[in-house]
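J.: First the structure, then my questions, so here it is.
The values are calculated or read from the model by the stated rules, or taken from the named source; none is laboratory data. Predicted model, so just to flag it, every value in this text is computed and none were measured. Using ideal geometry, Cβ is built from the backbone for each residue, glycine included, and neighbour counts are taken over all protein chains shown.
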Amino acid sequence: MTTCSAPGKVYLFGEHAVVYGEPAIPCAIERRARVTAEPRNDGRVRVEANDLSLDGFTVSWGDSVEDRPDIDVPTQLVEAGMGYVDEAVGQARDAADAPDAGFDITIESDIPLGAGLGSSAAVVVAGIDAGTRSLGVELPPGEVADRAYRAEYAVQDGQASRADTFCSAMGGAVRVEGEDRRTIDAPELPFVVGYDGGAGDTGELVSGVRALREEYGFAADTVTAIGDVVRRGTEVLRGADPSGEPAPDLLAELGRLMDFDHGLLSALGVSSRSLDAMVWAAREADAYGAKLTGAGGGGCIVALDDTGGTETALDYTPGCEATFRAELAADGVRVEES
Ligand code: MEV
């Protein structure tokens, strides 16, 4: 039996535009998914998922996700869970050269599903690492990231960048631009997350941006402008002392860029009333800046605030279901138990 965990993430900048080769800077946060894998020799896969901020579920299947079980939980959740786990199992079998391996898999996660905090990437990353290790094979985090990307790419019909999976596998702050991906130095940024209790459909939201980008030159320019925000943000982070407290003027500049990024994402149609309400509550509470994080449509915003102001304001914002401070997770994927 092997248990591995991997962190969720917030996007400081660059979601959606990263799908078209623009840079993005996601940051891993101390909210983790834990996956336990125990090999079984009948080739079957049995999955139990708990604490997913939605109903848990137990499901088992044979060779394919077409082999649907009859269970009473939301279809979307089962399909999402089965799709990601099935691809992670496929990657683990392939990496360990064990095409017939079966598994008992348990998933626990404190990352809300589909809320922009990288729940699926964390489950896939931790699942591939736990699955391969349980078969006696240790992959370097870079290879876990690559395999997790292939798994997400398959489930999301080719609509995935490398950003979420690379960030979850490596931990810390990362910069992804097309095939170029690297960890970067960043100071401990005072992230505050607001969650509206909802979720967006990443595939649909990415398709919506793609359609706008193809139809209107100015939408394509908006995507490029997000890339410009990220390039500027990269310069700002380069000038920061990664070991010290971030200076107020650094936070102010990053916050201004986050505000800009949110405006551009809104123009691309991926914000929502509740995300905008939380962003504005944070700004009015004097956060340095605030934006949606992840695919959007619902889910989470991230603000920069080193006072308690944003958390208090979000607690009183209609539509905000939960607020928490998110610390940068230095560790990416790691073994919890073996
Ligand atoms: C989703 O967390 C982030 C998107 O940029 C999609 C992706 O990068 O794969 C919207």
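J.: In the stretch 173-191, is there at least one residue being within 15 Å of the chain's Cα centre (by Cα), surrounded by fewer than 24 Cβ atoms within 10 Å (Cβ to Cβ) and of a type in the set (D, E)?
T.: No: zero hits.
J.: I would also like to ask the following. Name every residue in the stretch 234-252 that is among the small types (G, A, S) and within 23 Å of A285 (Cα to Cα), in order of residue number.
T.: Answer for the stretch 234-252, where residues must be among the small types (G, A, S) and within 23 Å of A285 (Cα to Cα): A247, A252.
J.: Any residue that is hydrophobic (A, V, I, L, M, F, W, C), away from the ligand (no atom under 16 Å from the Cβ) and closer than 25 Å to T183 by Cβ - is there at least one of those in the stretch 261-282?
T.: No: the stretch 261-282 contains no residue that is hydrophobic (A, V, I, L, M, F, W, C), away from the ligand (no atom under 16 Å from the Cβ) and closer than 25 Å to T183 by Cβ.
J.: Another question, if that's okay. Just wondering, is there one or more residues in the stretch 133-148 that are modelled with pLDDT under 95, not in a loop (DSSP other than H, G, I, E, B) and not hydroxyl-bearing (S, T, Y)?
T.: no
J.: Which numbered condition trips up T310, out of (1) in a helix (DSSP H, G or I); (2) under 20 Å from R175 (Cα atoms)?
T.: (2)
J.: Among the residues of the stretch 290-297, are any over 18 Å from E15 (Cα atoms) and assigned by TED's automatic domain parsing to the domain that holds S271?
T.: Within the stretch 290-297 (the criterion being over 18 Å from E15 (Cα atoms) and assigned by TED's automatic domain parsing to the domain that holds S271), the answer is no, since none of the residues qualifies.
J.: Can you tell me which condition G298 does not meet? The list is (1) outside any helix (DSSP H, G or I); (2) away from the ligand (no atom under 16 Å from the Cβ); (3) closer than 29 Å to E152 by Cα, and all the others hold.
T.: The one condition G298 does not meet is (2).
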